[in-house]
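Notes follow the structure.
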């Protein structure tokens, strides 16, 4: 049975059905955020509208993830500066309420490095150093080392770039997800192909 708050498409009919269910729901915040998460990459404008409704409600425990979801939607629209601010909001909330945690600690440095935002390289490296102990999945280790490689390459430090490019690409070959029933969760996917292509010259 299709879950009413995990729609992968969006139109007037879907919205009317969602709004009808939402009006009757007790945990409106949860359903708004999950639906926004589902649409953040494919229907970012819709996701942002849902998140505006979410943030207008009393604070919930998953608010930190909502900031990351907002960043995802903003990036899909090319609004990089606002996405950075959303990641920073997530990190600020984690500093106050460290449960639950998100991947903002590596997603923000990855954004900075892959977009070549040089004035923020220091921030990116500081975040990586502060949260290295949190690395648990191949995709996170890939992004962590990719950041180190790209920043080093752009800072004329070829030996460091090579070291981390090799380690990042090693994570691409790790095809074992730690999540049973979710064979691709936590793994490097085709979404990372453009960055993988950037890293290969540094790994030779």
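Assorted remarks:
- Flag for residue 89 being within 17 Å of the chain's Cα centre (by Cα) and buried (at least 21 other Cβ atoms within 10 Å of the Cβ): no
- Checking each residue in segment 9-51 for being within 19 Å of residue 75 (Cβ to Cβ) and not assigned by TED's automatic domain parsing to the domain that holds residue 74 picks out only 10.
- Among the residues listed as 147, 188, 151, the single one being buried (at least 21 other Cβ atoms within 10 Å of the Cβ), part of a loop (DSSP other than H, G, I, E, B) and not assigned by TED's automatic domain parsing to the domain that holds residue 65: 188
- Checked against the criterion of being within 30 Å of residue 125 (Cβ to Cβ) and either surrounded by 13 or more Cβ atoms within 10 Å (Cβ to Cβ) or within 21 Å of the chain's Cα centre (by Cα) (or both), the candidates 64, 14 yield just one match: 64.
- Any helices (runs of 4 or more DSSP H) falling wholly within segment 51-132 and containing at least 2 residues that are closer than 22 Å to residue 154 by Cα, out of contact with any helix residue (DSSP H, G or I) (no Cβ under 9 Å at 6 or more places or on another chain) and without any contact (Cβ under 8 Å) to a residue 24 or more places away in the chain: 121-130
- Filtered residues of segment 154-164 (kept if more than 11 Å from residue 141 (Cα to Cα) and either in a helix (DSSP H, G or I) or in contact (Cβ under 8 Å) with a residue 60 or more places away in the chain (or both)): 154, 158, 159, 160, 161, 162, 163
For (1) touching a helix residue (DSSP H, G or I) at 6+ places or on another chain (Cβ under 8 Å); (2) surrounded by 15 or more Cβ atoms within 10 Å (Cβ to Cβ); (3) modelled with pLDDT of 95 or more, each residue gets a yes or a no:
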residue	(1), (2), (3)
22	yes, yes, yes
26	no, no, no
29	yes, yes, yes
34	no, yes, yes
37	yes, yes, yes
47	yes, yes, yes
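The values are calculated or read from the model by the stated rules, or taken from the named source; none is laboratory data. Quantities reported herein were computed from a predicted structural model and do not represent experimental measurements. Please note: Cβ atoms are built from the backbone with ideal geometry, for glycine as well, and neighbour counts cover all protein chains shown.
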